[in-house]
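Student: The structure follows.
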Amino acid sequence: MKKFDVVSLGELLIDFTDNGKSNQGNSLFEANPGGAPCNVLAMLNKWNRKTAFIGKVGEDIFGFQLKATLEKVGIDTSYLIMDKEVRTTLAFVQTVKDGDRDFSFYRNPGADMMLTADEVQDELVAEARIFHFGTLSMTHEGVREATKKAITLAKDGGAVISFDPNLREPLWKSLGDAKTQISYGLTQCDVLKISDNELLWFTGEKDFDAGIALIRKNYNILLILLSLGREGSRAYYKDICVEAPPFLQENTIDTTGAGDTFGGNCLNYILEYGLNNLDEEKLKEMLTFANAAASIVTTRKGALSVMPEVDEVKAFIQRRK
């Protein structure tokens, strides 16, 4: 038995999300706790999974806010480091058409990118059933080495490795560098969650099946989860491809964290059934639930602190039948 169901490493930051205009006509932004790896963990905690986060924030008002938020949602913060020298990373998120987003990052440097390999505790990663990571912890050399160390420790401990590229173009020195690091992630993972836009960018294939086929040809990934936004999602597993329709909302206001909500629910099914024991029925159930949860999150600002309850998602699915 492992101490933690899922351990993740990466960015923890404040998403300043667009929140209308002041009486003077100035833009208003709401400070929402965020960061893809912790969004995933927050959803898993709704399933009463035991989770822990490895990362770094500044010893400032935002860092303390983030630490308190993680503790409130049940994520273990024993391995969250607070840096006295570097400030917490900030992201300003402007909502555009259909709830999509435009990001402006304040991270030069930001605390999340200052995590070092010697700050990754061996015993924590070894106690994970699943280790989850993305590419924001791969943009700079120091935190990249920390990520690679954690992956090695997780593999040595027998963990399932989960990877979400979560491409944020402004944070990379070049997109060639981004492609190199994403390729590394693909060589390491057992489970890949990737968006339609990321798949097109990485493979150049406009046909989704062709893009997935290209990834499967070059990388040994057992389960690939493809999020398609307003078109739903697909799961590619062994020789099975399963698709589930979306749950569209009239009151979508912010898609931040929708993919993380989707991914967290999929990881819960892997914890429940095991990566080698999935079938078409389980995959369909997994995608349906994950799509529904992600849909609910799009009606709320932020993600980390507003993940839907399991019973709430079940009731939502029942109403939509």
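The values are calculated or read from the model by the stated rules, or taken from the named source; none is laboratory data. Quantities reported herein were computed from a predicted structural model and do not represent experimental measurements. Glycine also receives a Cβ, built like all others from the backbone with ideal geometry; neighbour counts cover every protein chain displayed.
Student: In region 171-181, which residues are part of a helix (DSSP H, G or I), without any contact (Cβ under 8 Å) to a residue 24 or more places away in the chain and polar (S, T, N, Q)?
Tutor: Within region 171-181, just 180 meets the criteria.
Student: Give the number of residues within region 56-108 that are at pLDDT 95 or above and not in a strand (DSSP E or B).
Tutor: 26
Student: For region 259-315, name all the residues that are within 23 Å of residue 65 (Cα to Cα), surrounded by fewer than 24 Cβ atoms within 10 Å (Cβ to Cβ) and of a type in the set (Gly, Ala, Ser).
Tutor: Correct list: 302, 305.
Student: Separate question: With the requirement that a residue be in contact with a helix residue (DSSP H, G or I) (Cβ under 7 Å, 6 or more places away or on another chain), free of Cβ contacts under 8 Å to residues at least 40 places away in the same chain and closer than 24 Å to residue 105 by Cα, what does region 118-141 give you?
Tutor: Across region 118-141, the qualifying residue is only 140.
Student: Moving to a separate point now. What is the one condition in (1) at pLDDT below 95; (2) in a loop (DSSP other than H, G, I, E, B) that residue 123 does not satisfy?
Tutor: (2)
Student: Please list, ordered by first then second residue, the pairs with beta carbon atoms under 8 Å, 6 or more apart or interchain, first in region 202-214 and under 15 Å from residue 165 (Cβ atoms), second among the aromatic types (Phe, Trp, Tyr).
Tutor: Short answer, once both residue conditions are applied: 211/202; 212/236.
Student: Only one of 70, 28, 41, 66 is touching a residue at least 24 places away in the same chain (Cβ under 8 Å) and either more than 17 Å from the chain's Cα centre (by Cα) or closer than 19 Å to residue 171 by Cβ (or both); which?
Tutor: 66 is the lone residue from the list that is touching a residue at least 24 places away in the same chain (Cβ under 8 Å) and either more than 17 Å from the chain's Cα centre (by Cα) or closer than 19 Å to residue 171 by Cβ (or both).
Student: Something else: Select from region 149-170 the residues that are in a helix (DSSP H, G or I), out of contact with any Phe, Trp or Tyr (no Cβ under 6 Å at 6 or more places or on another chain) and surrounded by 19 or more Cβ atoms within 10 Å (Cβ to Cβ) and list them in ascending order.
Tutor: 150, 151, 153, listed by residue number.
Student: Test each condition in (1) of a type outside the set (Ser, Thr, Tyr); (2) surrounded by fewer than 17 Cβ atoms within 10 Å (Cβ to Cβ); (3) at pLDDT 95 or above; (4) outside any helix (DSSP H, G or I) for residue 53 and report the one that comes out false.
Tutor: Among (1) of a type outside the set (Ser, Thr, Tyr); (2) surrounded by fewer than 17 Cβ atoms within 10 Å (Cβ to Cβ); (3) at pLDDT 95 or above; (4) outside any helix (DSSP H, G or I), residue 53 violates only (2).
Student: Here are some residues: 190, 207. Which one is acidic (Asp, Glu) and either closer than 26 Å to residue 34 by Cα or touching a Pro at 6+ places or on another chain (Cβ under 9 Å) (or both)?
Tutor: Exactly one of 190, 207 is acidic (Asp, Glu) and either closer than 26 Å to residue 34 by Cα or touching a Pro at 6+ places or on another chain (Cβ under 9 Å) (or both), namely 190.
Student: Quick one: residue 247 ticks every box in (1) crowded, with 18+ Cβ neighbours inside 10 Å; (2) touching a helix residue (DSSP H, G or I) at 6+ places or on another chain (Cβ under 6 Å); (3) closer than 18 Å to residue 270 by Cβ except a single one, so which number is it?
Tutor: Condition not satisfied by residue 247: (3).
Student: Of 198, 205, 285, which residue is farther than 24 Å from residue 103 by Cβ, assigned to a helix (DSSP H, G or I) and not aromatic (Phe, Trp, Tyr)?
Tutor: After ruling out the rest, the residue left standing is 285.
Student: Hey, another quick one. Take region 224-250 and flag every residue that is under 14 Å from residue 284 (Cβ atoms) and part of a strand (DSSP E or B).
Tutor: The answer is 225, 233, 234, 235, 236, 237, 240, 241, 242, 243, 244.
Student: May I pose another question? Within region 142-152, work out how many residues are touching a strand residue (DSSP E or B) at 6+ places or on another chain (Cβ under 7 Å) and without any contact (Cβ under 8 Å) to a residue 40 or more places away in the chain.
Tutor: Adding up the residues that qualify gives 1.
Student: Also, quick follow-up: Collect the residues in region 301-321 that are under 16 Å from residue 257 (Cβ atoms), aliphatic (A, V, I, L, M) and not in a loop (DSSP other than H, G, I, E, B), keeping them in residue-number order.
Tutor: If the condition is that a residue be under 16 Å from residue 257 (Cβ atoms), aliphatic (A, V, I, L, M) and not in a loop (DSSP other than H, G, I, E, B), then 313 is the only one that fits.
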